[in-house]
Amino acid sequence: MTLMLQPEDYMPKLHKDVDASRYGIGLIGCGSIANSAHLPAYRKAGLRVSACCDISEAAARNTAEKFGIPFWTTSVQELLEREDVSVIDMAIHPSAREEVLKQIAKIPRPVLCQKPLDMTLDGAKHLASIAAEAGFMLAVNQQARWAPVHKAVKTLLDRGVIGDILNIQHVYRSNQDREGHWFSKLPNALIGDHGIHYFDLCRYFNASPSGSGNDWSRIHCTTAMMKKQFAIDPLIYSANIEFGPAGGRAHTMAHLFFNDIVRSPRAFGYAWWVDGSEGSIWSTDKSVCMALRNDPSTVHETVVSGSWFPDGFLGSMLDLIEAVEFGRPPLVTPEDNFSTLAMTTAAIRSSREGRVVERTELFPGTDEHGVRI
């Protein structure tokens, strides 16, 4: 069992048999996330971006000039008609996705859709149905799974170095309470938009061979809201998540604590802990540490190369390209993402109604393990 990690164990990379130059990327949406994360990631890896599109002519033109993209347009139709566009990176807000997906359905291409697929589970199912009916591949850009530090943790869990996973904890401390910012105006933004990363990562870690073998079964979430904050909804939440049988018999549980209204950057923080039957793994945004039961005084530390922005965004695009090349589903299909969206839906409902929310409430006709009955 290998305890140490090398960059090739966790940094995004394309399968050796895939020629990335064959895949021209068409970017729809030239906003801040595309310019700060998507395009820097693709440029870093030498991927070919053939065209970009935005409803704002200035945004499309400026993005094309900044990243050397040979064609820009304000028309999704024009972008889809180009033969050098073979996959779509859809980096637009949920409210605009239905119309764009309907246009793509007429000239189908595989699509990587920015997370969350939709702010509601029903909305996500509707968007997925458009792709399914038109027969094109749709992947959800839960890019945090490919962030080097998260991939490093997952690699160790997949190796089984800490035995059976018993507990997953995450603490995030930051501040996004900015006047006039889109985040402050979006309903349920902290849990439904940003927090979805961390709910999804709990599922991702638990899906390791050493995990419980079950999806989440129930959630209890509490929130708090500061007086006179700019954001319209709470920016502090605490969520307890059970994976497996209800009633305190779950094999694995998770706890997420998120405070997005910390006033001083000196007090910011980011950390994961995963405890298993044979040891523990813990990480910051820069390193991964591990200590094992049979040698409890030794800490094995890996300082991780790369960063979530932009490397995570490269990983999700490479996964889409490999899925197309090998004819397999992407790692994050809409169906997989429904379970993550159900988690955020349950967390919001739990907080508002002051109760535990069961998985079966979101997926009627299934048991507590997600199996259809």
Those residues of the stretch 259-286 that are farther than 13 Å from VAL149 by Cα and either open to solvent by 50 Å² or more (accessible area, probe 1.4 Å) or part of a loop (DSSP other than H, G, I, E, B) (or both) come to a total of 9
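Given the criteria within 30 Å of ARG48 (Cβ to Cβ), touching a helix residue (DSSP H, G or I) at 6+ places or on another chain (Cβ under 9 Å) and open to solvent by less than 30 Å² (accessible area, probe 1.4 Å), does ILE321 qualify? Can you show your working first?
Numbers: within 30 Å of ARG48 (Cβ to Cβ): yes; touching a helix residue (DSSP H, G or I) at 6+ places or on another chain (Cβ under 9 Å): yes; open to solvent by less than 30 Å² (accessible area, probe 1.4 Å): yes.
When the stated conditions are applied, ILE321 passes them.
Tell me, which helices (runs of 4 or more DSSP H) wholly within the stretch 113-211 include 2 or more residues that are touching a Pro at 6+ places or on another chain (Cβ under 9 Å)?
Numbers: elements: 121-134, 148-159, 182-185, 196-206.
Passing ranges, in order: 121-134, 148-159.
Is it true that ASP84 is crowded, with 17+ Cβ neighbours inside 10 Å, of a type in the set (D, E, K, R), under 25 Å from ALA131 (Cβ atoms) and at pLDDT 95 or above?
On the way: crowded, with 17+ Cβ neighbours inside 10 Å: no; of a type in the set (D, E, K, R): yes; under 25 Å from ALA131 (Cβ atoms): yes; at pLDDT 95 or above: yes.
Criteria not met by ASP84.
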When restricted to ASN175, ASN206, ASN214, ASN141, the only residue under 18 Å from TRP282 (Cα atoms) and in contact with a Phe, Trp or Tyr (Cβ under 8 Å, 6 or more places away or on another chain) is ASN206
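Hey, can you tell me all the residues within the stretch 247-258 that are open to solvent by less than 40 Å² (accessible area, probe 1.4 Å) and out of contact with any helix residue (DSSP H, G or I) (no Cβ under 9 Å at 6 or more places or on another chain)?
First, pick out the residues of the stretch 247-258 that are open to solvent by less than 40 Å² (accessible area, probe 1.4 Å): 250, 252, 254, 256, 258.
Scanning the stretch 247-258 gives a single hit, ALA250.
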Condition set open to solvent by less than 10 Å² (accessible area, probe 1.4 Å) and farther than 21 Å from LEU117 by Cα, scope the stretch 173-209, selection nearest to the chain's Cα centre (by Cα): answer is ASN206
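For the stretch 253-273, state whether one or more residues are acidic (Asp, Glu) and farther than 24 Å from ASP311 by Cα.
In the first step, residues of the stretch 253-273 are kept if they are acidic (Asp, Glu); the result is 260.
The next check asks that each one be farther than 24 Å from ASP311 by Cα; those that pass are none.
No: the stretch 253-273 contains no residue that is acidic (Asp, Glu) and farther than 24 Å from ASP311 by Cα.
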Checked pairs for the stretch 62-90, first free of Cβ contacts under 8 Å to residues at least 60 places away in the same chain, second acidic (Asp, Glu), C-beta under 6 Å and 6 or more apart or across chains, list as THR74/GLU57
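Against the definition (touching a helix residue (DSSP H, G or I) at 6+ places or on another chain (Cβ under 9 Å) and buried (at least 19 other Cβ atoms within 10 Å of the Cβ)), how does ALA132 come out, yes or no?
Values: touching a helix residue (DSSP H, G or I) at 6+ places or on another chain (Cβ under 9 Å): yes; buried (at least 19 other Cβ atoms within 10 Å of the Cβ): no.
When the stated conditions are applied, ALA132 does not pass them.
With ILE55, ILE69 as the choices, which residue is in a loop (DSSP other than H, G, I, E, B), modelled with pLDDT of 95 or more and within 22 Å of ALA105 (Cα to Cα)?
Numbers: ILE69 fails: within 22 Å of ALA105 (Cα to Cα).
Going through ILE55, ILE69 in turn, just one is in a loop (DSSP other than H, G, I, E, B), modelled with pLDDT of 95 or more and within 22 Å of ALA105 (Cα to Cα): ILE55.
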Note on the stretch 87-97: residues modelled with pLDDT of 95 or more and either loosely packed, with under 14 Cβ neighbours inside 10 Å or hydrophobic (A, V, I, L, M, F, W, C) (or both) are VAL87, ILE88, MET90, ALA91, ILE92, ALA96
The residue that is surrounded by the most Cβ atoms within 10 Å (Cβ to Cβ), considering only those in the stretch 289-307 that are closer than 14 Å to PRO7 by Cα and in contact (Cβ under 8 Å) with a residue 60 or more places away in the chain, is VAL304
GLU78: passes all of (1) open to solvent by 30 Å² or more (accessible area, probe 1.4 Å); (2) part of a loop (DSSP other than H, G, I, E, B); (3) under 24 Å from VAL324 (Cα atoms) but (2)
Expected output for the stretch 190-213 (first residue over 16 Å from PHE338 (Cα atoms) and touching a residue at least 60 places away in the same chain (Cβ under 8 Å), partner open to solvent by 10 Å² or more (accessible area, probe 1.4 Å) and in a helix (DSSP H, G or I), Cβ below 8 Å, 6+ apart or cross-chain) is PHE205/LYS154; SER210/ASP158
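Output the residues belonging to the stretch 33-52 that are under 17 Å from ARG97 (Cα atoms) and assigned to a helix (DSSP H, G or I).
First, the residues of the stretch 33-52 that are under 17 Å from ARG97 (Cα atoms): 33-34, 52.
Result: ILE33, ALA34.
Does SER21 count as in contact with a Gly (Cβ under 9 Å, 6 or more places away or on another chain), surrounded by fewer than 21 Cβ atoms within 10 Å (Cβ to Cβ) and assigned to a strand (DSSP E or B)? So that I can check it myself, show each step before the final result.
Values: in contact with a Gly (Cβ under 9 Å, 6 or more places away or on another chain): yes; surrounded by fewer than 21 Cβ atoms within 10 Å (Cβ to Cβ): yes; assigned to a strand (DSSP E or B): no.
When the stated conditions are applied, SER21 does not pass them.
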How many residues of the stretch 230-246 are open to solvent by less than 20 Å² (accessible area, probe 1.4 Å) and part of a loop (DSSP other than H, G, I, E, B)? The answer is 3
Cβ pairs under 7 Å, 6+ apart or interchain, first in the stretch 4-33 and more than 28 Å from GLN77 (Cβ to Cβ), second open to solvent by 10 Å² or more (accessible area, probe 1.4 Å) and in a loop (DSSP other than H, G, I, E, B), ordered by first then second residue, are PRO7/SER305; TYR10/VAL304; MET11/SER305; MET11/GLY306
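Do any helices (runs of 4 or more DSSP H) lying entirely in the stretch 287-373 carry at least 3 residues that are over 15 Å from LEU112 (Cβ atoms) and touching a Pro at 6+ places or on another chain (Cβ under 8 Å), and which ones are they? Write out each step before concluding.
Details: elements: 313-326, 334-353, 359-362.
By residue number, 334-353.
The values are calculated or read from the model by the stated rules, or taken from the named source; none is laboratory data. The structure displayed is predicted, hence computed values, not measured ones. Note that we place each Cβ from the backbone using ideal geometry, even for glycine, and neighbour counts take in every protein chain shown. Heavy atoms of the whole protein, side chains included, go into the accessibility calculation; ligands, DNA and RNA do not. Shrake-Rupley method; radii C 1.70, N 1.55, O 1.52, S 1.80 Å.
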